[in-house]
Structure formats: C-alpha cells, structure tokens
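J.: After the structure tokens below, expect a handful of questions from me.
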Amino acid sequence: MLSIKDLVASVEEKQILKGLNFEVKPGEVHAIMGPNGSGKSTLASVLAGREEYEVNSGSVTFNGEDLLEMSPEDRARAGIFLAFQYPVEIPGVSNANFLKTAVNEVRKSKGLEALDSKQFLKVMQEKMKLVEMDKTMTQRSVNEGFSGGEKKRNEIFQMAMLEPSLAILDETDSGLDIDALRIVSNGVNALRDGKRSFIVITHYQRLLDYIVPDHVHVLYKGRIVKSGPKELALELEEKGYDWIKEEVDSSVNA
Amino acid sequence: MSTSTLNNSSAESFTQAVDHFRELYGNHLPAQKSLQADAAAVFIQLGIPTTKHEEWKYTSLAVLAKNTYRSVNPSDNCSLSKSDVASLALTNDTLLYVIENGKFNASASNANALPKGITVGSLAEMAGDARVQAHLMKHADFSDESLVALNTALTFDGIVIIADAKTECATPIQIAVVNNTAGEALNIPVRILVIAEKNAIVNVTETHHSFGSKSPVLVNVVSEVVIAEQARVNYIKLQDEDQNTCHVNYHKVNMARDSYQHISTLTWGGGLVRNNLNIRLDDVNCTSYLNGLTIAKDYQVIDHHTVVDHAMPNCYSNELYKGIIDGHAQGVFNGKIFVRKDAQKTNAFQSNKNVLLSDDASMNAKPQLEIFADDVKCSHGATTGQIDEEALFYLRARGIGEVSGRALLNHAFAADVIEQIPDENLKSALLDRLTARLNA
Ligand SMILES: Nc1ncnc2c1ncn2[C@@H]1O[C@H](COP(=O)(O)OP(=O)(O)OP(=O)(O)O)[C@@H](O)[C@H]1O
Ligand SMILES: [Mg+2]
C-alpha cells in the first residue's frame with residue numbers, strides 16, 4: 001500500500017530525513033517511536049504533502065502511484081489521513097460545515113454523489129458516538145478554543161468521517177486524559193477492518209496497549225534504525241533510547 | 001485644512017456644472033434655497049479634494065478628470081420598472097424603494113403595505129414639510145466637506161423615511177440606489193433623510209447597483225439619520241456597483257439620549273468607493289455599532305473613513321471593520337474616535353483586520369483615538385496579514401481543494417462582519433450574496 005524508498009527530505013535547507021525506508025501493507029498497524037526531533041512529524045508532513053518540506057531524493061508510492069507528485073488534497077482524496085500533532089484552529093468555519101465540504105469533495109473525487117444535509121447529519125451523528133463527541137463541538141469553529149484533548153479527539157472524529165485507507169496519527173495520545181485515551185483508541189480500533197492501515201507515532205507504550213501494533217519502529221536521525229514486534233515498545237519503555245543511539249552512532253563512526 | 005483643487009479640467013468641469021445647474025434650475029428645493037446656495041459657494045471655493053488633502057491622502061479622485069460628467073437634473077426621466085429591479089430586493093418582505101439616477105422612482109418601487117406611522121416619500125415632494133425642513137441639510141455639515149457641498153448644491157430629489165414616535169417597523173425598508181446610464185458619464189447626487197422619532201424602531205437598507213450602459217458615474221450620496229430619544233435604527237449599506245462607478249458616500253448620524261444605532265457598510269463593488277461615516281453620540285446612554293467589510297479585487301480602491309464622536313457621558317461604541325484585498329486593489333481604513341471632555345464613562349472599541357491576497361494588493365489602516373475625558377475605556381487594534389497558510393493546509397489535508405479552501409477561509413473571515421447584523425433574514429440574504437461575490 002505505502003512504500004517509502006531511500007527518502008531524503010529537508011526543511012529550510014536542513015536535512016531531516018536521511019534515507020528512510022518503510023513499507024506498509026493493507027491492514028497493518030505500524031508504531032513509530034523515537035527521540036524528540038528525530039524526524040517523525042517530518043515524515044508525517046512529507047506524506048501529507050506539506051509544501052515547506054522538500055524531498056531531495058527517494059520515492060514514495062501509495063497504491064502504486066507516485067505520492068510525491070500529488071497535491072495535499074489529492075492525497076487526502078486518495079485515502080491518506082494525517083491526524084496532526086498540533087491541530088490548527090480555524091475561526092469562523094464550523095466543524096460541521098468544514099467536514100461536510102471535506103466529505104463531499106472526497107466523494108466527488110470518487111465519482112460519488114454529494115451527501116445532502118440530512119444524510120450528512122446521520123453519518124455525523126453515528127461517528128460522533130464513536131468518539132463520544134459532544135454535539136456542541138460540531139457547531140463550534142474548527143478547533144477554536146478546544147482544549148488540547150478535545151483537539152485530538154476532533155482529529156479522530158474527522159478520521160472516522162473521512163474513512164481513509166491509511167491513517168497517520170502523530171502523537172494523538174499526548175495530552176489525552178485516561179478516559180479520552182481509551183475513547184480515542186476505541187475509535188481507532190473500531191476502524192480497524194483488516195484493510196485500513198495505520199501509522200501510529202507515539203512516545204508512550206501505554207497507547208500501544210490499546211492500539212496493538214503489528215510492527216514497532218524506531219526513527220532516529222532521519223532513519224528507521226530498529227524494527228521489531230510489539231514487544232520492542234516494552235523494551236524501549238524500560239531501557240530508553242540510549243542503547244539504540246549508541247548502536248547507531250558507533251556504527252556510523254566505525 | 002487644505003483647499004487645493006484638482007489642477008485640471010475635472011474640478012473646473014464640476015464647478016461649471018454647479019454654475020450651469022443653478023442657472024437652469026436655480027436652487028431646486030425652495031425650502032432649502034439658502035442652504036443650497038451656500039453649498040454651491042462652498043463647493044466652488046473648495047473644489048474636488050486632491051491627495052494633498054490630509055483626509056484624501058490614499059484615495060485619489062483623479063479618475064474624475066478622465067470624463068466630463070453631466071449632472072443629472074429634474075428633467076431627467078426614470079425608465080426602470082418594477083420587474084427591472086425585482087432582483088435587487090434583499091428579502092421577500094422588504095419594502096423596496098428605487099432611486100434612479102438620484103430621482104425617486106415611484107413606479108419601480110414596490111411597497112404597498114407601509115406600516116402605520118411610517119412615511120416614505122420623494123424628497124422633492126416632502127422637502128417643504130416641517131419635519132423634513134427641521135433636519136434636511138442641517139446635519140451633514142458641508143462647510144469643509146466639498147463633496148457634501150457638491151451634493152447639497154445639486155440635490156433635487158432623493159428619499160425621506162420618517163418613523164413616527166413609538167412606531168416599530170421590523171420589516172426592512174430598502175432603498176435601491178440605481179445608476180442607470182445610456183452611454184453618457186453622469187454626476188448623480190443622491191440624498192437620503194431618515195428620521196426616527198422618540199421610541200421608534202426602523203430597519204433601513206441602502207443598496208447600490210449599476211444598470212444600463214455602465215458608463216462612468218460619480219455617485220455622491222449624503223444620508224442624514226436623525227435618531228431621537230430611545231429610538232433605534234438598524235442600517236445597512238451594500239455597495240455593489242460596477243467598476244466604472246466612483247462612489248462617495250457621506251453618512252451622518254445624530255443620536256439623542258438612550259438611542260441605539262447599528263450600521264453595516266458592505267462594500268464589494270465600485271471602482272473607487274469612499275465612505276465617510278460620522279456618528280455623533282450627542283447625549284447620554286447612546287449605543288452605536290459600526291461594522292464594515294471591504295472585498296476588493298482588480299484595481300478597486302475602497303476607503304472607509306469613520307468618525308465616532310462621543311460628546312456626552314455613558315455611551316458605548318463598537319466598531320469592527322474587515323477587508324479582503326486581492327489583485328491590485330487598495331483598501332483604506334481610517335477610524336477616528338473622539339471622546340470629548342464631558343464624555344466620562346465612555347466605552348469605545350475599534351478593530352480593523354485585513355487580509356491581502358496578492359503581492360500587489362495594499363492596505364492603509366489608521367486608527368486615531370483622541371480622548372479628552374479621563375474615566376473612559378477605549379481600545380483599538382489594526383492588523384493586516386496574509387491568508388493563514390497553516391489553516392489552508394489543514395483544509396487541503398482533509399481533501400478540500402486549494403481554491404475552495406481559500407474561498408472557505410475568506411468567507412469565514414468576512415462573514416464575521418455580516419454575522420453581527422441583528423435581522424436574521426437580512427443576515428442570511430447578505431451571506432448568500434457574499435458567497436456569490438467571493439466566487440465571482
Ligand atoms: N518548519 C521547520 N523549520 C525548521 N526546522 C524544522 C521544521 N520542522 C521541523 N524542523 C526540525 O526538524 C527536526 C525534526 O523535527 P520533527 O518535528 O520531525 O521531530 P519529531 O520526531 O516529530 O519530534 P517530537 O517527538 O518532538 O515531535 C527538528 O530538529 C526540528 O526542529
Ligand atoms: Mg513530532
């Protein structure tokens with residue numbers, strides 16, 4: 001489904017991703033962990049098509065197509081969803097209106113008829129239940145004045161509405177209280193259907209108790225330096241990153 | 001104050017027009033004879049303002065030199081019918097009156113069922129009425145406003161709206177001001193008088209449109225709005241003319257004690273538009289809202305000058321102006337707030353926010369607070385920025401195309417001004433028109 005080969009990317013002349021290889025198959029859940037500043041959000045941004053991030057070399061294909069040639073909106077329409085680490089506030093645009101526009105643009109790109117207000121409302125109510133979202137939140141401006149946790153929950157709500165085939169969750173667990181963590185995880189798990197894939201970026205093994213990954217990777221200095229089964233997350237929780245950093249840094253120096 | 005004139009044919013041609021008009025028609029309104037004569041003299045002395053004039057620094061009327069404008073006069077006939085103007089009505093229930101080239105067009109107007117206590121009529125016919133005489137040309141001071149003087153000198157018709165004491169008229173009274181040209185450049189004075197007597201409530205909407213050959217016009221509007229004790233006036237100006245229109249608009253509001261006024265000036269048409277809003281809070285406990293919106297593109301110049309004059313204690317004013325400037329367009333906002341010595345316990349707020357959509361678009365914003373009282377709360381802020389790229393990316397990342405994403409953000413930014421309008425029907429009609437304008 002997603003295939004990243006030797007990806008080198010930079011922002012403001014600074015190289016962040018330095019030859020990254022990564023493969024996601026349909027239905028898989030991949031967790032990406034790694035120290036602060038290692039390039040996790042950069043990877044997510046490059047996949048979503050943020051323009052400040054320049055791809056210097058390498059390739060990314062999504063369902064056989066060259067993802068890097070596509071505009072951000074075309075990537076979203078093709079089924080990529082990024083739950084932002086820092087969701088943006090958009091004053092004056094109601095959550096409901098925003099989502100209706102988004103859902104219908106995605107449908108249009110697939111040759112489907114636009115949902116009318118009634119149909120849309122029905123879908124929205126269903127998905128609101130999934131993430132236990134309050135009705136008033138949909139009437140408010142997108143993320144405006146939302147608490148940190150509410151913003152994260154809103155990301156998952158949007159994901160549920162847009163039904164992507166590959167969802168990238170960038171630290172969706174940070175800032176969530178214990179109940180919200182469970183709600184968000186349940187939301188994600190409910191969308192696991194054997195075909196939909198997830199890339200879950202997180203610092204905490206705790207989330208992975210709820211959303212159990214098929215693979216765990218460590219991103220360090222712009223590369224995937226270690227991959228393993230879900231137990232790798234436990235090991236990292238216990239030992240930190242120093243042992244991995246040492247391994248990598250000594251092999252580079254050697 | 002500078003009295004320099006355009007050093008070219010333009011000022012002369014207007015001066016000649018005033019002379020010529022007076023020769024042919026005298027001072028057309030007998031009851032205002034001496035005021036009109038004074039105004040003519042003032043205009044002939046001041047002429048058309050140039051950019052040397054402090055208040056006209058960013059807005060040049062040099063465009064007026066490009067044509068010779070014929071001043072419309074009492075012998076011009078109206079030609080528009082009800083069906084021609086039907087689409088101008090903002091809401092289904094609106095009481096629609098038409099001013100065509102400065103003249104009250106009764107046959108195109110569509111307002112059979114005027115509520116009791118409301119009088120609407122041609123200014124030419126009503127200028128001699130005692131209530132009209134008491135106010136007409138008495139509030140919009142022309143002594144140092146040459147364009148008000150020009151309007152006052154040339155006025156021969158217009159519209160009068162009077163709400164008798166205790167009359168409540170929730171139905172919007174719409175004045176559709178139409179420029180209807182036939183290949184000839186016109187100088188069109190438009191005169192409006194609104195009187196809300198004690199405890200009256202009225203809802204007036206002044207909309208501006210172009211018809212016919214869309215030849216160059218100077219539309220020179222002067223409105224006087226007189227609000228008596230405890231009366232309330234909701235007012236909307238929608239300026240939606242073609243780009244051959246040069247529109248100057250002077251709106252004077254005089255507020256008595258415990259009165260309320262809410263005005264929204266929505267400007268998205270016209271080649272050059274200059275609005276002067278002058279609100280005088282002349283007694284205690286007045287509440288005044290001024291909102292404005294500029295949507296400019298191409299080479300449009302849209303200028304809002306506002307003066308909120310707090311003369312007496314315990315009054316409140318709140319002003320929100322926003323602008324979206326695209327292409328080579330230019331926006332101007334100049335907001336003056338005076339708090340006079342006696343105006344203790346004044347609350348006066350002002351905010352001006354602008355978005356420039358292109359590198360060639362520009363905005364000049366100048367808030368000016370002059371406070372002579374000590375126990376007051378005042379604030380102002382002006383910002384000019386670009387479209388929020390982070391927000392745009394967020395929308396695109398959800399599948400919304402770049403063009404619709406920009407439209408959605410611009411609409412949200414601008415709708416904020418229209419959302420303040422108290423009347424729900426007018427609000428939703430104007431939001432629809434905003435959408436259409438942003439997609440044009
Ligand atoms: N727009 C930008 N301008 C300048 N530097 C940037 C920009 N975006 C990212 N960087 C830098 O790139 C590096 C990687 O950042 P990134 O956000 O990808 O890290 P991360 O792995 O997501 O970290 P965290 O765990 O703290 O979220 C950091 O050093 C960061 O400062
Ligand atoms: Mg990050």
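J.: For the range B:386-403, list whatever residues lose no less than 40 Å² of accessible surface once every protein chain is in place, relative to that chain by itself, with the probe at 1.4 Å.
T.: So the qualifying set is B:E390, B:F393, B:Y394, B:R396, B:A397, B:R398, B:G399, B:I400.
J.: Based on alpha-carbon centroids, what's the gap between the range A:1-63 and the range B:210-279 in Å, whole number please?
T.: Rounded to whole Å, the Cα centres lie 55 Å apart.
J.: In addition: Suppose every Lys and Arg Cβ carries +1 and every Asp and Glu Cβ carries -1, with no other charges. What dipole size does the range B:8-283 come out with about its Cα centre, to the nearest 20 debye?
T.: It comes to approximately 100 debye.
J.: Tell me the relative contact order for the range A:1-112 as a rounded percent, counting alpha carbon contacts under 8 Å between residues six or more apart.
T.: 26
J.: Oh, and also: Go through the range B:232-317 and name the chymotrypsin sites (Phe, Trp or Tyr not before Pro) that are in a DSSP coil and have 12 or fewer other Cβ atoms within 10 Å of their Cβ.
T.: For chymotrypsin sites (Phe, Trp or Tyr not before Pro) across the range B:232-317 that sit outside H, G, I, E and B with at most 12 neighbouring Cβ atoms in 10 Å, the list is empty.
J.: On to the next question. Give, ordered by residue number, each residue of the range A:27-61 whose 1.4 Å probe accessible area is reduced by a minimum of 50 Å² on adding the remaining protein chains to the chain alone.
T.: A:R50
J.: Carbon and sulfur: what percent of the range B:303-440's accessible surface (1.4 Å probe)?
T.: 48
J.: Further question: Probe radius 1.4 Å, ligands and nucleic acids left out: can you give me the accessible area buried at the B-A interface, summed over both chains, in Å² to the nearest hundred?
T.: Looking at B and A, the buried total is near 1900 Å².
J.: Ratio of alpha-carbon Rg to the 2.2 N^0.38 Å globular estimate for the range B:392-440, to two decimals, please.
T.: 1.27
J.: Putting +1 on Lys and Arg Cβ atoms and -1 on Asp and Glu Cβ atoms, find which of B:M255, B:H310, A:I16 reaches farthest to the positive end of the dipole of the protein assembly as shown.
T.: Comparing the listed Cα positions along the dipole, B:M255 ranks first.
J.: Where Rh is the Kirkwood radius over the Cα pairs of the range A:151-252, the temperature 37 °C and the viscosity 0.692 mPa s, what D in µm²/s does Stokes-Einstein return?
T.: Diffusion coefficient, whole number: 223 µm²/s.
J.: Give the residue from B:S146, B:G158, B:G121 lying farthest towards the positive end of the charge dipole for the range B:118-170; charges sit on Cβ (+1 for Lys and Arg, -1 for Asp and Glu) and the dipole is referred to the Cα centre.
T.: The residue sitting farthest along the positive end of the dipole is B:G121.
J.: Antiparallel as a % of all DSSP beta bridges within chain A, to the nearest 5?
T.: Percentage antiparallel, nearest 5: 60.
J.: May I ask which residue of B:N425, B:F393, B:A414 lies farthest towards the positive end of the charge dipole of the range B:392-440, with charges of +1 (Lys, Arg) and -1 (Asp, Glu) on Cβ and the Cα centre as origin?
T.: It is B:F393.
J.: Give the separation of the Cα centroids, the range B:401-415 to the range A:217-247, in Å.
T.: With the range B:401-415 and the range A:217-247 each reduced to a Cα centre, they are spaced 43 Å.
J.: Which whole number of Å³ per residue matches the convex hull of the alpha-carbon atoms in the protein assembly as shown?
T.: So the per-residue hull volume is 194 Å³.
J.: Okay, next question. Using the crude model of +1 on Lys and Arg Cβ and -1 on Asp and Glu Cβ, and no other charge, please compute the dipole size for the range A:2-253 relative to its Cα centre, in debye to 20.
T.: My answer is approximately 720 debye.
J.: Students often forget the sequence filter, so: which lysines lie under 20 Å Cα-Cα from A:K195 once same-chain residues fewer than 8 apart are removed?
T.: The qualifying lysines are A:K25, A:K110, A:K127, A:K230.
J.: At 20 °C and a viscosity of 1.002 mPa s, what translational diffusion coefficient does Stokes-Einstein give for chain B, taking Rh as the Kirkwood radius over Cα pairs? Give it in µm²/s as a whole number.
T.: Estimated via Stokes-Einstein, D reaches 97 µm²/s.
J.: Still on this structure, please answer the following. Sequence neighbours fewer than 8 away in the same chain don't count; with that in mind, list the lysines whose C-alpha is under 30 Å from B:K33.
T.: Within reach: B:K103, B:K138, B:K198, B:K237, B:K252.
J.: Which distance in Å, rounded to a whole number, links the C-alpha centroids of the range B:107-159 and the range B:326-343?
T.: 27
J.: Which value results when the Cα radius of gyration for the range B:300-372 is divided by 2.2 N^0.38 Å?
T.: That ratio works out to 1.31.
J.: With the crude spin-label approximation of a point 7 Å out along Cα→Cβ, what separation in nm comes out for B:K345 versus A:S71?
T.: Distance between label points: 5.7 nm.
J.: Okay, moving on. Could you report the range B:8-283's accessible area per residue, 1.4 Å probe, as an integer in Å²?
T.: Computed with neighbouring chains in place, this is 34 Å² per residue.
J.: Further, regarding this structure: Can you list, largest first and rounded to whole Å, the semi-axes you get for the range A:2-253 by taking the square root of 5 times each eigenvalue of its Cα gyration tensor?
T.: Square roots of five times the eigenvalues give 31, 21, 16 Å.
The values are calculated or read from the model by the stated rules, or taken from the named source; none is laboratory data. Keep in mind that this is a model prediction, so the values were computed, not measured. So basically every Cβ, Gly included, is an ideal-geometry build from the backbone, and we count neighbours across all protein chains shown. Remember, those area values only see protein heavy atoms, side chains included, never the ligands or the DNA or RNA. Shrake-Rupley method; radii C 1.70, N 1.55, O 1.52, S 1.80 Å.
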